[in-house]
1. Over 24 Å between Cα atoms: which of B:192/B:600; B:107/B:384; B:324/B:522; B:595/B:698 fall into that group?
2. Ignoring ligands, DNA and RNA, what percent of the 1.4 Å accessible area of the protein assembly as shown is carbon and sulfur?
3. Per-residue Cβ counts within 10 Å, from other chains only, averaged over A:115-125: what number is that?
4. For residue A:4, list long-range residues whose amide hydrogen, built 1.01 Å from N in the peptide plane, is under 5 Å from its own amide hydrogen.
5. Determine ³J(HN,Hα), in whole Hz, for all residues of region B:542-549 in sequence, where each value follows from phi through the Karplus function 6.51 cos²θ - 1.76 cosθ + 1.60 and θ = phi - 60°; x replaces Gly and Pro.
6. Calculated FRET efficiency, residue B:560 and residue B:246, Cβ-Cβ r, R0 51 Å, to nearest 0.05?
7. Working out 0.36 nm times the residue gap between residue B:328 and residue B:165, then minus their Cα-Cα distance, what length gain in nm do you get to one decimal?
8. Around residue B:99, which amide H atoms from residues at least 5 apart in sequence, or from another chain, sit under 5 Å from its own amide H, with H modelled in the peptide plane?
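The values are calculated or read from the model by the stated rules, or taken from the named source; none is laboratory data. Model, not experiment: these values are computed from the prediction. So basically every Cβ, Gly included, is an ideal-geometry build from the backbone, and we count neighbours across all protein chains shown. With ligands, DNA and RNA removed, areas are computed over all heavy atoms of the protein, side chains included. Shrake-Rupley method; radii C 1.70, N 1.55, O 1.52, S 1.80 Å.
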Amino acid sequence: MAQYTLNINGKSYQADVDADTPLLWVLRDTLGLVGTKYGCGIAQCGACTVHLNDNAARSCTLPVSAVRNGKIVTIEGLSEKGDHPVQTAWNEIDVAQCGYCQAGQIMSAAAFLTKNPKPTAEQIDTAMQGNICRCGTYHRIREAVTLAASKLKS
Amino acid sequence: MSILPKTSRRDFLKLATAASGGLLLGFYWNDTAAGAPNVVGNMSLTPDDITFNSYLSIAPDGIVTILSPNPELGQNIKTSFPMIVAEELDADWSKVNVLQAALDTQKFERQVTGGSGAIPHSWERLRKAGASARQMLLEAAAKRWQVTTDSLTTSQSVVTHAASKRKATYGELAAEAGTLPVPATVTLKDKKDFKLIGQAIRNVDNHEIITGKPLFGLDFYREGMLFAVIQRPQAFGTKIKSVDSSAAKAMPGIVDVVTFKNNVAVVGKSTWQVNKARKALKIEYEQDGASESTPDHDKLFKTLLDSPEATVRRKDGDVDAAFKQATTVITREYQCPFLPHAPLEPMNFFAHVREDGVELVGPSQTPEMARNETAKLLGVPAEKITLELTRLGGGFGRRLKADYVLEAAELSSIIEAPVKVVWMREDDMTGGSYRPAVRYRFSAALNSQGEMIGYKLRGVGINAGNCTREDNFPSGAVDNLLIDSIEHKSPITTGAWRAPITNFLAFAEQAFIDEVAHAAKKDVVQFRLGLLDKAKRTPTGAVKYDIDRMKTVIQLAAEKSEWGKKPKVFQGFSVYFSHRSYVAQVAEVSMKSGKPVLQKIHAAADCGIVVNLSGAYQQVRGGIVDGLGHAFFGNLTFSGGAADQKNFNTYKLIRMKDVPEVDVHFVNNGIDPTGLGEPALPPTGGAVANAFFAATGKRFYNQPFDKQQDAIPQANIERM
Ligand code: FES
Ligand code: FES
């Protein structure tokens, strides 16, 4: 066990965990930030997506010891009131079915749109290819990313 | 959370429905003795709330709280159930708060999510719950203003007396209304007056979902709770011989390792630690049953298809004579593999077995069964067990079983501590309860006019029960018909998987009908319509589907897709009746640089009245994506009794780029809702396979399609 100081959602957190513990389980089991989900544990489904220094990262395969001073943002910290343009778009398009994958989808979309605010339909598909939605909400994810892009522009 | 006092029976009331059905509905009225319902991740009732019945309460500030009793797994029941209550109540939807109810067999019936049955089952009782509360509010206002109730109107949670221009909100009237007797009969709205039903209403949990609030079983946490993973046998047909857990026990954060039944549970302080320690377990297994592999099943299917021993499911006319007379006979076989459900939230449950009772919390499609089985297992009376429902991160039938609830309860009783058992993805994939592998043989006899005079179907499946649906189309439309099945019993466990049996049978049947229509030199849509006309005019045996509803969706899909009228677009047709509803689909494939590309699927659905347009639309699109993904990619194979695919790196689920455009149309014919959780899935495989045939002249017979490179070398689906 070792003590880690983590910068998450603009706050400093202490976690006393094994060095190989993936960030996902530190967030969920140690810090109670359960918005970040477990789906596969092997970087295949995207349910665990967070931002590490503004890039989308799979927290299930990211050992806490590798995070160091990295700036982490989770779904809980994407916006203060849940009104990030991607979140608003997700609500307006009514994307969620079971909802389990959606935090990861939103985090992937938000990181992507920061880098590419005017994406084409193909670029959206490519950007979201790593996130599985078992319920099949892909059409609405496409629509919501497109809507979020237009919100970010204005 | 405490054990709830058993609800008293003093205010149980039975309401006879209007002349129509004579159905008896049970409600508990004005029942505040039960206290606030326990819910996870949502606000609860306040002491000021006036409870009108099992479903709804109104607070003095006008907030209407509606309890949604059925498990929510993405079918959107938590939004559509309350919409039905609010419709009859004439409530202001912006002031409706929805709570997930815990299991309560006194207040609610059929707290089950399965069989696309929740809305059809509850439609009338939900309407009555809203309508009788509205009636009580009207009576309170009538009393207050000394007028008659029929001089009053309601809208948006306000009662109005137009003649005197007086108004009172539901919040203002609630306390008074709550003291009035419950009306013995209520008048329900004329369906044409529905304002809320039929609208696109957003998911009531949207805010919690998009902000990452704890909603799911996996998110549930209790002070002092332990985490556990369970090592189950990797191969079906094996059992534990010996366990050496000393290394695992010595690892950091591990509290205990316990063996029960065929399970070795590692209990500790965090998910990561227990999962790591699990890898240090040394378990020896020994054979305890057949050790089966996929090639064995392939061989077995061929034998069973020729076996003289089959259970006859339906027999009309003289099928042998018809095949002797036939000018053309077509025989085709279709096979599908096992599939795991793979809901994105893996199985998990929290259990705390105490001296005075048992507390269960988590995602279940059948909470009552889970509680009753726990009662049996632990020898505890069911009333001493509470079960709270979390939101379910998908279910697809997997959570109809209680195995994962029982494991948690048994483990908690052994370690005498609150514990959450978590399944890792690998546990979920290898843990059984799969969609059964099945093979079908269809034969059709055509006469010289291209009429189908004989039809045979043999289904053979592994733990699949009756893998036919003997009364489905085209039964009733063929004079000579024989449908039978054989089940092979295997240690590989199976269970209901979204649209059980029909999830593959529909593909096989609709692909076969397509081939028969081609052999008969008829348009495939006209061929189906012709059979339906025959079933209507001169039915053979019982016709257990609604011919007119099926014809309507066929015609709607043909019209919306401009069937047969699009140059360079290769279309495939499919229609299926399942779970009381009807869905027809047209898939469209185009050739792009010599490759067939699936571009669009049109769907026409008849699920009766559409309650929530947003949810319904997504049920159809989601069902199609599900059907398409599993038809193309889903494949779980076995070696020596163990599943070969253990996670999403080797088991492919459909992703964004595989998804074509989908267009949805509802018949919306005004009949009471008939269910939509499953019916859109079954027709998809057939429509897509038939469209690929139209484009390439090659047919898919087995799923997954992407394994049949010989059938269609360029098979790829991509978005253009
Ligand atoms: S849980 Fe990390 S990608 Fe699936
Ligand atoms: S909404 Fe259920 S997995 Fe995406």
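1. Table pairs above 24 Å Cα-Cα are B:192/B:600.
2. Carbon plus sulfur share of accessible area: 51 percent.
3. Other-chain Cβ atoms within 10 Å of each residue's Cβ, averaged: 1.
4. A:15, A:16, A:17
5. Using θ = phi - 60°, the values come out as 6, 10, 9, 10, 8, 4, 5, 5 Hz.
6. Calculated transfer efficiency: 0.15.
7. 50.9 nm
8. So residue B:99 has HN proximity to B:66, B:67, B:68.
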